[in-house]
Amino acid sequence: MRRRLAAGERIVLATHNKGKVREVGALVAPFGIAVVSAGELGLPEPAETETTFIGNAKIKALAAATATGMPALSDDSGFSVGSLDGAPGVYTADWAMQPDGTRDYAAAMRKVMDAAQDFEDRTAWFTCALVLAWPDGHVEGFEGKAMGHWVWPPRGENGFGYDPMFLPDNKPQTFGEMTADQKHRISHRALAFAQLAAACLHRP
């Protein structure tokens with residue numbers, strides 16, 4: 001049976017990524033849900049040992065829910081390139097990892113371009129898995145995909161991660177060129193969230 005959140009409840013966003021905090025926070029705000037991030041609470045980042053977005057999102061959501069005693073919402077998302085057999089995929093953040101432990105997405109985008117530039121196929125997509133978990137172990141999971149192709153050089157300063165090199169199907173702007181509102185209407189995260197909202201949220 002589906003489990004729902006009511007307006008006024010407080011949840012943990014199980015992420016340390018400030019870009020995801022902004023985007024997911026904006027999505028839940030109309031439903032009257034108060035949020036605090038795992039980063040703000042100083043929670044450790046659990047090892048993401050699964051090979052699927054849903055699997056890794058479940059790990060993060062359950063860890064945050066168990067640690068805080070509150071429902072937790074986790075996002076696991078990534079950028080995939082058709083000619084690279086779906087890579088970076090679940091290893092999207094790893095492609096940006098630097099020796100000092102920071103993440104450089106400009107370098108990650110160049111890495112994608114270097115690996116894929118000799119292929120005619122420029123198909124690419126973003127995937128987002130959202131998992132809502134409760135401290136008792138109950139979970140609800142949803143997945144959305146935004147299809148398009150990769151472009152070079154990157155375009156735009158908005159968004160985060162690989163957004164500047166992703167041009168969605170039938171759109172003139174990359175995610176990096178879109179405003180937050182424009183991106184929220186069509187993104188992989190918005191598509192996954194629409195499913196979650198229909199199943200688990202009440203509009204106040």
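The values are calculated or read from the model by the stated rules, or taken from the named source; none is laboratory data. Nothing here was measured: the structure is a model prediction, and the numbers come from that model. When we count neighbours, we look across all protein chains shown, and the Cβ atoms used for this are built from the backbone with ideal geometry, even at glycine. Accessible surface is based on the protein model in full, side chains and every heavy atom, while ligands, DNA and RNA are left aside. Shrake-Rupley method; radii C 1.70, N 1.55, O 1.52, S 1.80 Å.
Just the residues that are in a loop (DSSP other than H, G, I, E, B), more than 14 Å from the chain's Cα centre (by Cα) and in contact (Cβ under 8 Å) with a residue 24 or more places away in the chain, please, taken from segment 158-181.
First, pick out the residues of segment 158-181 that are in a loop (DSSP other than H, G, I, E, B): 158-162, 169-179.
Still in the running and more than 14 Å from the chain's Cα centre (by Cα): 158, 169-174, 176-179.
Within segment 158-181, just Asn158 meets the criteria.
Give me a count of the residues in segment 105-137 that are more than 28 Å from Ile33 (Cβ to Cβ) and open to solvent by 60 Å² or more (accessible area, probe 1.4 Å).
Selection size over segment 105-137: 10.
Which number in (1) farther than 20 Å from Glu157 by Cα; (2) under 18 Å from the mean Cα position of the chain (by Cα); (3) open to solvent by 70 Å² or more (accessible area, probe 1.4 Å) marks the one condition that Gly89 misses?
Every condition holds for Gly89 apart from (3).
For segment 50-59, does any single residue satisfy the condition of being polar (S, T, N, Q) and touching an Asp or Glu at 6+ places or on another chain (Cβ under 7 Å)? Don't jump to the end; show me each part of the working.
Kept after step one, since they are polar (S, T, N, Q), are these residues of segment 50-59: 51-52, 56.
Remaining after also requiring touching an Asp or Glu at 6+ places or on another chain (Cβ under 7 Å): 56.
For segment 50-59, residues polar (S, T, N, Q) and touching an Asp or Glu at 6+ places or on another chain (Cβ under 7 Å): present.
Yes/no matrix, rows are residues, columns are (1) modelled with pLDDT under 90; (2) open to solvent by 10 Å² or more (accessible area, probe 1.4 Å); (3) of a type outside the set (Val, Ile, Thr); (4) on the phi > 0 side of the Ramachandran plot:
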position	(1), (2), (3), (4)
Asn17	yes, yes, yes, no
Ala57	no, no, yes, no
Ala67	no, yes, yes, no
Ala72	no, no, yes, no
Asp94	no, yes, yes, no
Gln98	no, yes, yes, no
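Confirm whether Thr123 is within 19 Å of Val81 (Cβ to Cβ) and without any contact (Cβ under 8 Å) to a residue 60 or more places away in the chain.
Working: within 19 Å of Val81 (Cβ to Cβ): yes; without any contact (Cβ under 8 Å) to a residue 60 or more places away in the chain: yes.
So Thr123 fits the description; yes.
If I filter segment 164-179 for residues that are more than 17 Å from Lys20 (Cβ to Cβ), in contact with a Phe, Trp or Tyr (Cβ under 7 Å, 6 or more places away or on another chain) and hydroxyl-bearing (Ser, Thr, Tyr), do I get at least one hit?
yes
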